[in-house]
1. Keeping to the range 139-166, report how many residues are in contact (Cβ under 8 Å) with a residue 24 or more places away in the chain and farther than 23 Å from R129 by Cβ.
2. So which residues in the range 156-189 are exposed (fewer than 13 other Cβ atoms within 10 Å of the Cβ) and in contact with an Asp or Glu (Cβ under 8 Å, 6 or more places away or on another chain), if there are any at all?
3. When only residues in the range 112-133 that are in contact (Cβ under 8 Å) with a residue 24 or more places away in the chain, over 24 Å from W34 (Cβ atoms) and part of a helix (DSSP H, G or I) count, which is most open to solvent (accessible area, probe 1.4 Å)?
4. Could you check L152 against (1) of a type outside the set (K, R); (2) within 14 Å of the chain's Cα centre (by Cα); (3) surrounded by fewer than 15 Cβ atoms within 10 Å (Cβ to Cβ) and say which number it fails?
5. Which of (1) within 12 Å of the chain's Cα centre (by Cα); (2) without any contact (Cβ under 8 Å) to a residue 24 or more places away in the chain does A86 not meet, given it meets every other one?
6. For the range 1-30, which residues satisfy the criterion of being open to solvent by 60 Å² or more (accessible area, probe 1.4 Å) and hydroxyl-bearing (S, T, Y)?
Amino acid sequence: MKEIKTKRLILRGYLISDWKDLVEGIGDFEVSKWLKKVPYPYTEKDAKDYLKKSIKRQKKNDNTNYVFALYHKKDKKFIGSVGLHAIDYFSGVATTGSWLNKQYWRQGYITEAKIAVNNFAFNKLKLRRLGTDIYVDNIASNSVQEKLGYKLEGVKRKAARSKATEKIHDVNIYGLLKEDWLKIKNKLR
């Protein structure tokens with residue numbers, strides 16, 4: 001798995017030893033309620049099962065999915081993840097997703113990580129478009145996408161259900177083209 005270093009983070013593959021930090025971060029209801037496939041409460045068994053599957057996928061060198069664990073250099077802690085999913089090299093497209101431990105919200109960590117992952121997707125993987133779906137009522141995540149240059153392309157009504165809340169959400173559809181990324185990336189911090 002490719003490792004990417006930023007100012008405050010190391011983006012790396014998962015380790016089984018990440019399980020406690022995973023339970024702490026994604027097990028917080030304020031985090032899990034914004035995610036489609038994450039149950040609440042989130043247990044040690046959930047974390048270990050997920051990590052084992054993810055590590056197995058990493059070892060297979062599956063180049064259609066990259067899920068980066070966000071490792072905080074100073075705190076020496078796994079604090080979230082950013083992924084590139086369903087990569088279609090022929091079409092040059094992928095979808096993205098992310099989550100972050102609530103203790104690290106509003107400090108620019110997802111922006112920092114997504115800048116690195118976007119650069120990886122466009123420069124190393126030679127993709128031309130990234131897309132992401134965000135619950136309409138997740139104001140912070142919508143704001144991050146817009147800050148990163150993603151364009152709102154539409155809304156899918158009642159398109160997703162949170163496993164943690166069982167609530168059905170409308171979803172904003174965002175897209176980012178490589179040429180738009182090249183115009184905005186140097187303005188981001």
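The values are calculated or read from the model by the stated rules, or taken from the named source; none is laboratory data. Quick caveat: nothing in here was measured; it's all calculated off a predicted structure. Here the Cβ is made from the backbone with ideal geometry for all residues, glycine too, and neighbour counts use every protein chain on show. Remember, those area values only see protein heavy atoms, side chains included, never the ligands or the DNA or RNA. Shrake-Rupley method; radii C 1.70, N 1.55, O 1.52, S 1.80 Å.
1. Here the count works out to 6.
2. Once the filter is applied, which keeps residues that are exposed (fewer than 13 other Cβ atoms within 10 Å of the Cβ) and in contact with an Asp or Glu (Cβ under 8 Å, 6 or more places away or on another chain), the range 156-189 yields R157, K158.
3. Among them, the one singled out is K124.
4. Here L152 clears every test but (2).
5. Here A86 clears every test but (1).
6. S17 - this is the single residue of the range 1-30 that is open to solvent by 60 Å² or more (accessible area, probe 1.4 Å) and hydroxyl-bearing (S, T, Y).
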